[in-house]
Amino acid sequence: METVDPSMMEPDLTAGQENQSEDEFEDLKQVAVRGRKRKGKDDSSVAKRGRGGGRGRGRGQRPEEEESDGSMFEIVKAGRASLQTVVDDWIESYKNDRDQALLELIQFLIQSSGCKGKVTPYMYANMEHAEIIRKMTEEFDEDSGDYPLIMTGPQWKKFKTNFCEFIQVLVRQCQYSIIYDQYMMDNVISLLTGLTDSQVRAFRHTSTLASMKLMTALVDVALNLSINLDNTQRQYEAERQKNQNKRATDRLNLLLVKRQELEDNQSEIRNMLTYIFKGVFVHRYRDTQADIRAICMKEIGVWMKKYPNMFVDDGYLKYVGWTLYDKVGEVRLCCLKALYPLYENDDLSRKMELFTNRFKDRIVEMTLDKETEVAVQGVRLVISILKLGETVLSDKDCENVYELVYSSHRQIAQAAGEFLNAKLFKRDEEATRNLRTGKGKKRSPNTPLIRDLVQFFIESELHEHGAYLVDSLWEINEMMKDWECMTDLLLEEPGKGEEALDDRQETSLIEILVCCVKQAGTGESPVGRGPGNKKLTAKENKQVLEDKTKLTEHFIVTLPQLLLKYLMDPEKVANLLHIPLYFDLEMYTAGRQEKNLEALLRYLHEIVEKHTDSEVLEACSRCYENLCSEEYAISGKCDVARKTLIDSLVVKFRESMQDFFQEGEQPDEDDAYALVAALKRINALYSCHNLNSWGLWDELFHVVKMAIENPGLPDEIVCKAIGSCYMALLWHLQKLDEHNPDKDDMLRLKHYQKDLFASCQQLLYHNQDKISEEAFVTICDSLVVFSRNLENPTLKPLVYEPEKSLQNQLSSFLMDKVFVEDEDDDADENVKIEELHKRRNFLACFCKLIVYNIVPIKVAAPMFKHYMKFYNDYGDIIKATLGKAREINKVATAKALASSLTQLFKELQDEQGGQLDKSSDAFQSIKELARRFSLSFGLDQVKNREAVAAMHREGIMFSLSNAEADPNAPPPCLAFLEVLCEFTNKLMKQDKKTVLNYLDKQLAGLASTLSDNSQSLMTYRNSLVQGEHEIHPITLKQAAQRRYGKRKAEQSNPNEDSSNLSDQSHWSDVQTPAPHLGIPQHASTAVKRRRMDEDSNPSEMDGSEQDYQDSVW
């Protein structure tokens, strides 16, 4: 179709409901609704649609509290009786007295909405539906806001199911006569139409559900009529085709009458469907309530699937298309689910060409929906649309879906994998039948698919996420486990008409291959996709064992060949060396594969001797560790190979040490390279194997000591030596007997430990960054290992307590290396990310010391002050550390936070030359940081009581400290009290008075230096007395004089502590400014909780006020 039907254009969804065609709606009324037949009323009268009156207040009970009265509502709610029986009884009642039966049905609908009003026979006989609805609205209980359809619990969930089923059973049982009597259906539809237009949500929601289910039931009736009509037509044609003498005229006439009756009934049902659609759906599909919109979309999907002849039409499809833009995910999901079965049906999908052209872009856009379920359903729908033809989706549309295979949501990624598989990975048996390698070996049918997969991976330019791509296709395409196909592409020569893989393709294929091996050998999804601690089911475990057996059988033979081919390529070898980690190693002996094992060990030895790349060496080290596990029979042979390798490496290391540190000669580049290579190999093996029996400590530590004496020593040599020394310590510790450790071994380890700590501490400020960074990480990690948290009490002599100088050095390192601004904005983005990752690692190393209570919390104060400034880079780490520190000691943490704020305040003062500008952005940022710290205390004032008090005490002492030589000068840090105001809302009511007393005592000696208009002090004092209307304002000087006079009296008694604020008599002497001075109250989520705490009885709290104040103040 070349043009778009104007009817498919999206309407203005904000417009009123009146923009529908009222004329068309009125015409339908005349056809479908015959009116309510009542005594004294015209038979053709129809209740007009109204708003259902205004909102009212009812006094009824909640539905769950009402006692059973035997009504239809109670029977359906209880669910004990068969709905078929309930409906049959009602039909019988209807046949006897249709007005009474219809009244009962109307009452059922009203009660199902949660309304306690009762429709009386008088109301039914004398009121229009709009009047009845208005009356019921006045009876409605809107205090609770609950009604059956939204109530929780199994009873109400069952009621909703029964309610929907009741509507459908009612129509099904009435389909042969009653629904055509022009009374029952006309009245029910009229009532429901009026209820759906009510302003009361309960009425609107319940009646919309009933209307939609009613329409679904009528669709079933229409289908039955259609089938019967077709059968009757066939019978009529068959009878008419008979010869004149054999034709039964009576039967023909009977069939004609029956056909006419069925056509009339079908027309009647279609009119009912059209009326309900125009009267209810067209208005409610854009209701303000998402639940109601979702019902409409869900049911229209059912109608389209069941009765496509009527509903799979652009006049109905457009409503689904418009609602694809709904702001609520559940509604969007219902739209996609409604469309999915239509596109799955080849016949129906062809009728949706106009709809597809109009809304295809929106559907593709929904594959990126923020709601996971919607995005998954969107991808599935796009797959169905793809079946319409290759040209329906543009290349850009496909690329948008392709990228989702790398999504962190596994469901979305797998759905995108299905799309990718449908679009790119179609097996063609004919095309691959004669495909052979250079030596004549038949290629796997998956060979072209693997080539396409490699090309897709390369073009996606996400080479670090091969595991995500593999996981997306893992359960969809069997080629992901075709090990032979992959290794043949790598090992076999290309056949006739084939192109050889280039270097980049080989590297990508190996990466995909290794990811497939890992997924097969573990059955686990990649890190970051899906739950990390998911346990495999018995079926999944069985599948993993089968896959592991198959991959081991294959790679035991082919891996040595692959290693030999790519021996000198570090990237390929590093990847290939991951494969043995997923072997079933018992198969080496069970399958008599000793020769292949020897070949693998031989190539491993060769790789270690020829490579210096850290990634390759670490992969070799892990591979040896796996092969030498004592649980396997091959461990003896592998251990011999490992020791042989280490012997040769140690010899080379010692030779290179002698050459490099030879007296009287300056080492050249070759000497430096040889030593670096030797240290890299030793360090890589040390990470997985205990090399202490080769006695390497003295040589390794000699390198570390020389770094102190000779600052020009290459950083790579020093870093590898420090790392190896650290690993040596760990292996020494691991070897100690837990129950009876050897004293000589402990003494030796303690000696090594002290030497390494002392040397690393000196290297913290080395002129080469890499060395100082390695020293920092080593110190932090070693402090964690040798901390008070050592589990075995016999190892307590090994505990290393960091001195204050070391703590300060570590904190200073953070300030110099972590909390620094990036100077080069033009630097490569990847370089910036690498640098940020490195800094986050340094910060995490330091934070571990706080979290494990190895260094005092106060050492973290300089770090906390950067919380807001570097929030985007390190906010998560600092926030987690702050939470753990508070678990260790709330008061100490509060003091550390106070210290961080005071440090920032002093720095700002120094920057501004002592004249603090409180309107500056820098000062406001300090207040913002204080607000963040305040929020971190949470809502429990009792739990944080002492911590908040400590924060105020520290802040007051800092604010009123006089660092100037002139004792008559005002305190230079008085403005800090404005920062302290941020914590006032965390004080309990009685504590505010105590803090106020403490403040007055500290002010007593400073009365002569303060003026009545000290704004910061006024602000702080006022924040402490907010809500205390009984306290009358006085000047600051008067308060200070009263307190000063009180102190003089106290000094006459030397046995009394003048700083003790627990004396309750002090409170009566304190008069402070009332809250009407204009200082704004602090907006806080804790205000309501604080008021609740204030209303509680202080005597009920643990301990006494006296104990609390003695301990804190």
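Which pairs break 24 Å Cα to Cα here: Lys705/Lys770; Lys158/Lys539; Lys770/Lys895; Lys890/Lys986; Lys118/Lys160?
Numbers: Lys705/Lys770 16 Å; Lys158/Lys539 34 Å; Lys770/Lys895 34 Å; Lys890/Lys986 14 Å; Lys118/Lys160 21 Å.
Result: Lys158/Lys539; Lys770/Lys895 exceed 24 Å.
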Quick one: grab the alpha carbon gyration tensor of the range 786-937, order the square roots of its eigenvalues as a ≥ b ≥ c, and give me rounded if a/c is under 1.5, else prolate or oblate depending on whether a/b is larger than b/c.
oblate
Point-to-point label distance, Asn96-Lys595, nm (Cα→Cβ direction, 7 Å offset):
9.6 nm
Classify the range 98-191: rounded, prolate or oblate, from the alpha-carbon gyration tensor (a ≥ b ≥ c, eigenvalue square roots; a/c under 1.5 rounded; otherwise prolate if a/b is larger than b/c)?
oblate
Out of the GluC sites (Glu not before Pro) in the range 417-473, which ones are loop residues according to DSSP with at most 11 other C-beta atoms within 10 Å?
Glu461, Glu464
Just how far, in whole angstrom, is the range 533-609 from the range 724-747 if you go by their alpha carbon centroids?
34 Å
Read phi for every residue in the range 574-585 and hand back ³J(HN,Hα) as whole Hz from Karplus 6.51 cos²θ - 1.76 cosθ + 1.60, θ = phi - 60°, with x for Gly and Pro.
4, 6, 4, 6, 7, 4, x, 5, 10, 6, 8, 5
Over 29 Å between Cα atoms, which of Lys534/Lys832; Lys643/Lys720; Lys754/Lys848; Lys637/Lys743; Lys735/Lys879 qualify?
Lys534/Lys832; Lys637/Lys743; Lys735/Lys879
Yeah, the range 894-973 with a ≥ b ≥ c from its alpha-carbon gyration tensor (a/c under 1.5 is rounded, else prolate when a/b outruns b/c, oblate otherwise) is oblate
Send over a whole-number figure in Å² for the accessible area per residue of the range 540-650, probe 1.4 Å.
45 Å²
Tell me the per residue accessible area of the range 116-200 using a 1.4 Å probe; a whole number in Å² is fine.
40 Å²
Estimated dipole of the range 589-657 in Debye, rounded to 20 [Cβ of Lys and Arg +1, of Asp and Glu -1, Cα centre]:
220 debye
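How much of the accessible area of the range 610-697, in percent, comes from carbon and sulfur atoms when a 1.4 Å probe is used?
Answer for the range 610-697: carbon and sulfur cover 43 percent of the accessible area.
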Go through 325-334, 781-790, 617-626 and give me the packing order, highest mean Cβ count within 10 Å leading.
617-626, 325-334, 781-790
Cα-Cα pairs above 21 Å in the range 681-805: how many percent?
38 percent
Student exercise, the range 602-724 dipole from Lys, Arg, Asp, Glu Cβ charges, in Debye to nearest 20:
560 debye
Pseudo-spin-label distance Val257 to Glu390, built 7 Å along Cα→Cβ, given in nm, is 6.1 nm
Can you pull out the trypsin sites (Lys or Arg not before Pro) in the range 357-458 that DSSP calls coil and that have at most 11 other Cβ atoms within 10 Å?
Lys370, Lys426, Arg433, Lys439
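What accessible area per residue, rounded to a whole number of Å², is obtained for the range 406-458 using a probe radius of 1.4 Å? Intermediate results must be reported in sequence, preceding the final value.
Numbers: 2520 Å² over 53 residues.
So the range 406-458 comes to 48 Å² accessible per residue, rounded to a whole number.
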Calc'd 3J(HN,Hα), the range 101-113, phi into Karplus 6.51 cos²θ - 1.76 cosθ + 1.60 (θ = phi - 60°), Hz, glycine/Pro = x, comes to 5, 5, 4, 5, 5, 5, 4, 4, 5, 5, 5, 5, 7
Carbon and sulfur together cover what percent of the accessible area of the range 860-902 at a 1.4 Å probe radius?
47 percent
Karplus-derived 3J(HN,Hα) from phi for the range 281-297 (6.51 cos²θ - 1.76 cosθ + 1.60, θ = phi - 60°), whole Hz, x at Gly and Pro, runs 4, 4, 8, 8, 5, 10, 4, 5, 8, 5, 4, 5, 5, 5, 4, 4, 5
Please compute one quarter of the surface area of the Cα convex hull for the range 414-533 and express it in square nanometres.
7.5 nm²
So what does the Cα-only Debye profile of the range 746-844 read at q = 0.13, 0.25 Å⁻¹, as log10 I(q)/I(0), no solvent term?
-0.55, -1.36
Of the accessible area of the range 403-471, computed with a 1.4 Å probe and all protein chains kept, carbon and sulfur make up a percent value of 46 percent
Cα centroid separation, the range 923-954 to the range 766-839 (Å)
29 Å
Checked against a 26 Å limit on the C-alpha separation, the offending pairs among Lys387/Lys535; Lys869/Lys918; Lys306/Lys396; Lys550/Lys595; Lys439/Lys595 are Lys387/Lys535; Lys306/Lys396
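The values are calculated or read from the model by the stated rules, or taken from the named source; none is laboratory data. A quick note: this is a predicted structure, and the numbers were derived from the prediction, not measured. Backbone-built Cβ (ideal geometry, glycine too); neighbour counts: all protein chains shown. To get the accessible areas, we keep the full protein, side chains included, count just its heavy atoms, and leave off ligands, DNA and RNA. Shrake-Rupley method; radii C 1.70, N 1.55, O 1.52, S 1.80 Å.
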